[in-house]
Every structure is written in structure tokens, then in C-alpha cells.
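Structure record follows, encoded as C-alpha cells.
The values are calculated or read from the model by the stated rules, or taken from the named source; none is laboratory data. None of the values given here were measured: they were computed from a predicted structure. These area figures cover heavy atoms from the full protein model, side chains too; ligands, DNA and RNA do not enter into them. Shrake-Rupley method; radii C 1.70, N 1.55, O 1.52, S 1.80 Å.
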Amino acid sequence: MVSSSFVYVSFIRTTPGELWKALTAPEFTQKYWFGIRHDTDWKKGSPWKMMFPDARVGDTGEIVESDPPKRLVLKWRNEFIPELKAEGYSRCVIEIEPVGEAAKLTISHSMEKENSKFIEAVSGGWPRIVSNLKSLLETGKVILPLTA
């Protein structure tokens, strides 16, 4: 089957446990995810949604797999851009592994659709989000403010 995919890898000076908490704690994610809040309990089979600061739903899906602090798999669909929503669900795999005094974060986002506009969109978003996450964990400050 033809698909589209995006993979992003970053090494962050933190522990896998702290990185997992940073990825799943709603108050913390809002700091580096440009005000967006994730609404879920992060358990397998649970619904998941991303909420904009103004309470609009950005994206929705389901927790497919949750293995703290190593692996998280999401079924993910955009809800606010009709063209992207029409493409259906994507799969986002987040893997964390220890590497020396750091944690290796690998994000693989894919969709069973050739030339997916959704995958094109996330390929621009993930580097910004992960850069903020890395900076916040390592320095206490985001590198790209909410208005960026």
C-alpha cells in the first residue's frame, strides 16, 4: 500500500520518565505546544483530542498503545481543516529510549495515502513542537513563543 510518512528524532538531556511526563501532562504540554491541551487519560483504547486555547477541537483520535515511558501510539485525525479531515486517520508512534544522559525521542507519523497533505502539515509542526519541548526541558524556556 502506498503511504506518506514523516520521522523526527531528537536527543533531549532528560530521563525517559521525565520526557514521558512532559509528553503527557496537560499543564506541561500547553507550555511547548503553543497553548494546545491534550485531553485523554493516555490509556490504551481511550479517546484523545487536542484542544486549542479557545476550546475548539483541533485533532481527535484514540490511544492505540501506551507503554510508559517507552512507547505511545495514537490514531490521529485533523478536525478543523476540511481537506485534512477528509484524508482520515493517521498513525503517530512516539518512542523514547535512554541514550547516555539523554533520552532519544523518535516521532513517526504516517498515513496510508500517497502525498498526504496532513503528513505534509505535521512535518512542519513536529520540529517546532519538539524544539520547544527540548528547550523547555533543558533550559526552562521555550524557544518559539506562542505567537511564532
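Among A25, A55, A103, the largest mean-square fluctuation in a Gaussian network model of the chain (Cα springs under 10 Å) belongs to A55. Applying the Karplus relation 6.51 cos²θ - 1.76 cosθ + 1.60 with θ = phi - 60° to region 121-138 yields 3J(HN,Hα) values of 5, 5, 5, x, x, 4, x, 5, 5, 5, 4, 5, 4, 4, 4, 5, 5, 8 Hz, where x marks Gly and Pro.
Counting only Cα atoms, the size of region 3-111 along its three principal axes is 43, 33, 24 Å, in decreasing order. Each Cα pair under 8 Å and six or more residues apart adds its separation to the average, and for the chain the resulting relative contact order is 29 percent.
Once the 1.4 Å probe is applied to the protein heavy atoms, the chain comes out at 53 Å² accessible per residue.
Across region 56-62, coupling constants 3J(HN,Hα) worked out from phi with the 6.51/-1.76/1.60 Karplus curve, θ = phi - 60°, read 6, 7, x, 9, 9, x, 8 Hz, and Gly and Pro carry x.
Sorted largest first, the principal axis extents computed over the alpha-carbon atoms of region 55-148 equal 42, 33, 27 Å. Inter-part distance, region 1-61 to region 75-129, computed on C-alpha centroids, equals 10 Å.
For region 1-65, the gyration tensor built on C-alpha atoms gives a rounded shape. Its axis ratio a/c (a ≥ b ≥ c) stays under 1.5. Across region 3-19, rounded Karplus estimates of 3J(HN,Hα) from the backbone phi angles (6.51 cos²θ - 1.76 cosθ + 1.60, θ = phi - 60°) give 9, 10, 8, 9, 10, 10, 10, 9, 10, 10, 6, 6, 9, x, x, 5, 5 Hz, Gly and Pro being marked x. For D54 and Y8, the difference between the fully extended length at 0.36 nm per residue and the C-alpha to C-alpha distance is 13.7 nm.
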